[in-house]
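The values are calculated or read from the model by the stated rules, or taken from the named source; none is laboratory data. Keep in mind that what you see is a predicted model, and the values were worked out from it rather than measured. All Cβ positions, even for glycine, are placed from backbone atoms using ideal geometry, and neighbour counts span all protein chains on display.
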Amino acid sequence: MTTIAALAPVDAPPKTASAKDQRLVSLDALRGFDMFWIVGAESLIHVLNQLSQNGVTRFLSNQLKHADWDGFHFYDLIFPLFVFMMGVSMAFSLTKIIAQEGRAKAIKRIIRRSILLYIAGIFYNGGFSSPWPDIRLMGVLNRFAITYLVGGILFCFFKPRALAAICVGILAGYWALMTFIPVRDITLTNRGFEQRAQKIGDEKAVEMFRDAGNPSGEKNSPVWVKAQELYYGTTERVTGKYDKGRNLANDIDFQYLPGKKYDSYMDPEGILSSIPAVATCLLGALVGFLLRNQKIPGLRKGLILIGCGAVAVALGWLWGLQFPVVKKIWSSSFVLVAGGYSAILMGAFYLIVDVWQMRAWCQPFVWIGMNSITIYLTAHVIVSFRRLAERFVGGDVKMFFDRHVTQGMGDMVVAIVSLLLMFWFVRFLYQKKIFLRL
């Protein structure tokens, strides 16, 4: 069996394991439910909306798109929910390793897995297929690696109350940095640089930014050079700004993050915003401590999670009145909102799957959850399940459904077959006991 780890399920205990070490099937199911939307379900909803547009389908389709900047959609929960569950898993796997093999062994494993996960992130973003600087150093898997490394080491040295205090300190400290440290009064977007060039009467630069793509991945890019000139030539400073391209996190990415940036001049998984992501991981670890506590009945645990999650969501939206809920800078209010929703989902899944033992409905999600990293890399790097589905029901087959049923039905058939192929693949891996763990 191949093991690699961080997004991996909790290690299966031996048959003689104590109750507190028993596997959380609900965690596997929730992980699979989360991944389910990434690897095919979202396209099914979007196609359904195209086939029959009404209030319900439009709402669902909109929820499966990221908020442009501030605000929160269901799709904005997928990433932080994984980070949260990584923390939950820590409370089981790392506690077991520390008890059986010692803290040094646990730290060694954390470092090794973080490195492997970071390398996987580089590979996911294209690896070294393009020349420097057209290589992205930060991304989803890279952030997983960073949060697992920092969160895991903190977990090894601090008890739950200290971890809770560190989490609060991270959120408050990040808010203070973003609020009180001044940044140049310029918006780090092509439109922002275009407006700055217009203000100083540089018409050549105006045309340059009007037609610019992503200059961060281009070697010796004249657009990037001009952007730096306009940026460092700006003397006005502002504080307490959280607009797109006009905040401290984006400012630091523009100045110090090397390589290609996802959003041209900054990255949604950038340098500074990785700090509050560690708090998301620690929130999950605190939930893991609760779930391991055998002195608290299962029903009460689930209700505590749901209740505390609701409070966190309310506090997050309240904080968002001053520090907006923004995924792309992982604002402190976003951490509370996403963490609250994550706790509610974890509590609901825990009650249904582990307390009330209602498991038949979630078995397909367990298949995915047991191999979440495998399915993620397979679907986005090795082979797209949609492209594979088109080999079976594309072309004339797709056109047949469009012509003889209704326009757009061909896309629906392709989306359904894509999901079926994905489920077949994860079921095959599950039955053969093949688990790729980063």
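What do you reckon, is Phe349 more than 28 Å from Leu283 (Cα to Cα) and buried (at least 18 other Cβ atoms within 10 Å of the Cβ)? When the stated conditions are applied, Phe349 does not pass them.
In segment 223-247, which residues are of a type in the set (Phe, Trp, Tyr) and in a loop (DSSP other than H, G, I, E, B)? Of everything in segment 223-247, just one residue is of a type in the set (Phe, Trp, Tyr) and in a loop (DSSP other than H, G, I, E, B), namely Tyr242.
Would you list the helices (runs of 4 or more DSSP H) that sit entirely within segment 248-337 and hold 2 or more residues that are in contact with a helix residue (DSSP H, G or I) (Cβ under 8 Å, 6 or more places away or on another chain), under 17 Å from Val83 (Cβ atoms) and not acidic (Asp, Glu)? Let's see the steps before the verdict.
Details: elements: 248-256, 274-292, 298-319.
Correct list: 274-292, 298-319.
Does Thr147 fit the bill of being part of a helix (DSSP H, G or I), crowded, with 21+ Cβ neighbours inside 10 Å and polar (S, T, N, Q)? Here the answer is yes, as Thr147 does meet what is asked. Pairing each residue of segment 188-202 that is under 23 Å from Lys328 (Cα atoms) with any residue that is surrounded by fewer than 13 Cβ atoms within 10 Å (Cβ to Cβ) and modelled with pLDDT of 95 or more, provided the two are 6+ apart or on different chains, yields no C-beta distance under 9 Å.
Please verify whether segment 34-54 includes one or more residues that are closer than 20 Å to Val313 by Cβ, surrounded by fewer than 21 Cβ atoms within 10 Å (Cβ to Cβ), of a type in the set (D, E, K, R) and in contact (Cβ under 8 Å) with a residue 24 or more places away in the chain.
Of all residues in segment 34-54, those closer than 20 Å to Val313 by Cβ come to 34, 37.
Imposing the further condition that a residue be surrounded by fewer than 21 Cβ atoms within 10 Å (Cβ to Cβ) reduces the set to 37.
Checking which are of a type in the set (D, E, K, R) leaves us with none.
Scanning segment 34-54, I find no residue that is closer than 20 Å to Val313 by Cβ, surrounded by fewer than 21 Cβ atoms within 10 Å (Cβ to Cβ), of a type in the set (D, E, K, R) and in contact (Cβ under 8 Å) with a residue 24 or more places away in the chain, so the answer is no.
Only one of the numbered conditions (1) buried (at least 19 other Cβ atoms within 10 Å of the Cβ); (2) closer than 28 Å to Ile271 by Cα is violated by His380, and that is (1).
For segment 383-421, how many residues are charged (D, E, K, R), over 16 Å from Leu51 (Cβ atoms) and surrounded by 14 or more Cβ atoms within 10 Å (Cβ to Cβ)? Talk me through it step by step, then tell me what you get.
Start the filter on segment 383-421 by keeping residues that are charged (D, E, K, R), which leaves 386-387, 390-391, 396, 398, 402-403, 411.
Then keep just the ones that are over 16 Å from Leu51 (Cβ atoms); that gives 386-387, 390-391, 396.
Filter once more, keeping what is surrounded by 14 or more Cβ atoms within 10 Å (Cβ to Cβ): 386, 390.
Here the count works out to 2.
The single condition from (1) in a helix (DSSP H, G or I); (2) more than 27 Å from Ala120 (Cα to Cα); (3) touching a helix residue (DSSP H, G or I) at 6+ places or on another chain (Cβ under 9 Å) that Gln407 fails is (1).
Note on segment 65-78: residues that are in contact with a Ser or Thr (Cβ under 9 Å, 6 or more places away or on another chain) and either under 17 Å from Ile373 (Cα atoms) or aliphatic (A, V, I, L, M) (or both) amount to 1.
How many residues, within segment 196-222, are part of a helix (DSSP H, G or I), crowded, with 19+ Cβ neighbours inside 10 Å and out of contact with any Phe, Trp or Tyr (no Cβ under 7 Å at 6 or more places or on another chain)?
Going residue by residue through segment 196-222, those that are part of a helix (DSSP H, G or I) are 196-199, 203-210, 215-217, 222.
Next cut, crowded, with 19+ Cβ neighbours inside 10 Å only: 196-197, 205, 208-209, 215-217.
So of that shortlist, the ones also out of contact with any Phe, Trp or Tyr (no Cβ under 7 Å at 6 or more places or on another chain) come out as 196, 205, 208, 217.
Here the count works out to 4.
I'd like to know if segment 228-244 contains one or more residues that are surrounded by fewer than 21 Cβ atoms within 10 Å (Cβ to Cβ), of a type in the set (S, T, N, Q), at pLDDT 95 or above and out of contact with any Asp or Glu (no Cβ under 9 Å at 6 or more places or on another chain). There is at least one residue in segment 228-244 that is surrounded by fewer than 21 Cβ atoms within 10 Å (Cβ to Cβ), of a type in the set (S, T, N, Q), at pLDDT 95 or above and out of contact with any Asp or Glu (no Cβ under 9 Å at 6 or more places or on another chain).
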